[in-house]
1. Taking the chain as the reference, fit the longest principal axis to its C-alpha atoms, fit the long axis of helix 315-327 to the helix C-alpha atoms, and give the angle between the two in degrees, 0 to 90, nearest 10.
2. What span do the alpha-carbon atoms of region 57-147 cover on each of the three principal axes, reported in whole Å from largest to smallest?
3. For the chain, what is the relative contact order in percent, using Cα pairs closer than 8 Å and at least 6 residues apart in sequence?
4. I want to verify the translational diffusion coefficient of the chain in µm²/s; compute it with Stokes-Einstein, Rh as the Kirkwood radius over Cα pairs, at 37 °C and 0.692 mPa s.
5. Which of Ser45, Ser281, Ser262 ends up with the largest GNM mean-square fluctuation for the chain, with Cα atoms connected below 10 Å?
6. Return the inverse of the average 1/r over all pairs of distinct C-alpha atoms in region 116-158, which is the Kirkwood hydrodynamic radius, in Å to one decimal.
7. Between beta-carbons, use under 13 Å as the cut-off and find the net charge around Tyr191, counting Lys and Arg +1, Asp and Glu -1.
8. Would you be so kind as to identify which of Gly171, Val286, Gly60 lies farthest towards the positive end of the dipole of the chain, taking Lys and Arg as +1 and Asp and Glu as -1 on Cβ and the Cα centre as origin?
Amino acid sequence: MSLDMPLLDNIADVVLSYRPSSPSNTWLNKIHVGDARTVLQLMPSGIVDLSFWSPPYFVGKEYEAHLTFQDWQNLVRGVIKEHARVMKEGAFMVINIADILCFVDPDMPRYMANNVSNKKSPVTREDVLRAKKKHPKASRDELARMLGCSEQTIQRRAEHNNVRGGKGTAGTRVLLIGGMLQDWAMEAGLYLYDHRIWHKDPCWANSRWHSNSYRAVDEFEHLYIFWKPGIVDVDRDRLRKGEWAEWGSRGVWNIRSVQRNSRHECEFPEMLAERVIRLLSDKGDVVIDPFVGSGTTTAVARKLKRKYIGIERLKKYAKLAQARTNVTSN
Ligand SMILES: C[S@@+](CC[C@H](N)C(=O)[O-])C[C@H]1O[C@@H](n2cnc3c(N)ncnc32)[C@H](O)[C@@H]1O
């Protein structure tokens, strides 16, 4: 197989490269540039044995900043819909995603935290009311100086608003994503087959919401495994006995996340792709990643002697993915 095929720059190139007489060969072992929905629409039916992907998470990364929440839902739903056609019967689609732990919702009642263990000023409401009674004409600033505290403390105590949290910012809530994926997959005729947890390391730096709340830091993601109805050949020889016990049959996978983000903002670890590909496909199978990013799935697929198809909207990442996959030895 040729691995130095030209990079497709746009959808027109994708259309030109498609030959109905040799559909698979035209699509295989390439990173295609374009919107995943459009590229998938151009693909022949029933060529994919395994799909593994991690979409934008709607958490404000550079590559998703242009999306509204509705756009984001349309994107993920649309990609799932197209999968139902390009997958073979009995094939799996594995989606790696996290819940949105800090989903901005302007309609949510403000959540304000009274951080009782971290109060800076010992000044009480009674102190403020007493000072006000004694000096009825004193400004907030003057009262603050008299009592040796901040103006904000005077205001909070006087207004009985003894809580912290900026008034200007909208409330944030936790938004679970799995139910949406399941609904969109069902619409497309794909069934939830399995669910696993990827337990990574705790992301203290990214979890600003935990410090003044009872909320946990971000330290796990989900793998939702969907099945297109059809026969699944169960081959216990795909893994060694110890591997079945260690991870193949286990619901929680402990894998450290990628620490650097110099080449891409959100790479998932090669080990994650390796486990999914080894568990759910055979050598020679076609593995697709419609949000290929830095090319983790395609590089690992090639290393494991699978054929690959990558799709990426941004040309800079498509080039990166192609280069990374080309140098991977198989
Ligand atoms: C979470 S990242 C995937 C990272 C990848 N798993 C890796 O290990 O590098 C999502 C990727 O999807 C790409 N993307 C966003 N919208 C897209 C779309 N409509 N079609 C195709 N790719 C898209 C982004 O540019 C980004 O590279």
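Values quoted throughout were computed directly from the atomic coordinates according to the rules given, and no laboratory measurement underlies them. Worth saying up front: this structure is predicted, and the values here are computed from it rather than measured. All Cβ positions, glycine included, derive from the backbone under ideal geometry; neighbour counts span all protein chains shown.
1. The angle comes out near 50 degrees.
2. 81, 27, 23
3. 24 percent
4. Using the Kirkwood radius from Cα pairs, D works out to 144 µm²/s.
5. Ser262
6. Hydrodynamic radius (Kirkwood, Cα only) of region 116-158 equals 10.3 Å.
7. Cβ neighbours under 13 Å give a net charge of -3.
8. Towards the positive end, the residue furthest out is Gly171.
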